[in-house]
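The values are calculated or read from the model by the stated rules, or taken from the named source; none is laboratory data. Bear in mind that the values here come from a model prediction, so they are computed numbers and not experimental data. Cβ placement follows ideal geometry from the backbone for every residue including glycine, while neighbour counts extend to all protein chains displayed.
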Amino acid sequence: MTCVVSSVLAAALACALTTEAQAQPYAIDWSTIDGGGGTVQGGSYSLSGTIGQPDASAPLAGPTYTFTGGFWPGVGAVSTACNPADLAEPFGTLDLSDISIFVTAFQALEPAADLAPPSGVFDLADITVFVTAFLAGCP
């Protein structure tokens, strides 16, 4: 009888000392497979490839180059921006989209709004270049 009471007492004590398991909240972590790929050339042929999709964002544009994230953006397309203020499609037309992209880029200190020297400084000179180009219009 002592053995049974001891076992029951031990089991009850063990149950009393254990903590209740708590459910963990659900979470989906963000991850991407970025980079990779490249181009191989031989003779008059070239082969390019990537895996995954880089993080896409609004285009980053400067006076000479435009960088667009996404899965092979603009393959075969050629930007025909008429001037530094022509930041949004349709290129060759200056409209509210170009102003919106410039203002957003300027506030975020993105290269698309860095239109005047010195490079990396966002100031009134950048705004002046944008406004002057915008008012000049597209040919």
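Worth a mention:
- Scanning region 95-130 for residues that are over 25 Å from the mean Cα position of the chain (by Cα) and in contact (Cβ under 8 Å) with a residue 24 or more places away in the chain returns a single hit, 129.
- The residue list 31, 119 contains one member that is small (Gly, Ala, Ser), assigned to a loop (DSSP other than H, G, I, E, B), modelled with pLDDT of 65 or more and loosely packed, with under 10 Cβ neighbours inside 10 Å, which is 119.
- Annotation for region 80-100: at least one member residue is among the β-branched types (Val, Ile, Thr), out of contact with any Pro (no Cβ under 6 Å at 6 or more places or on another chain) and at pLDDT below 90.
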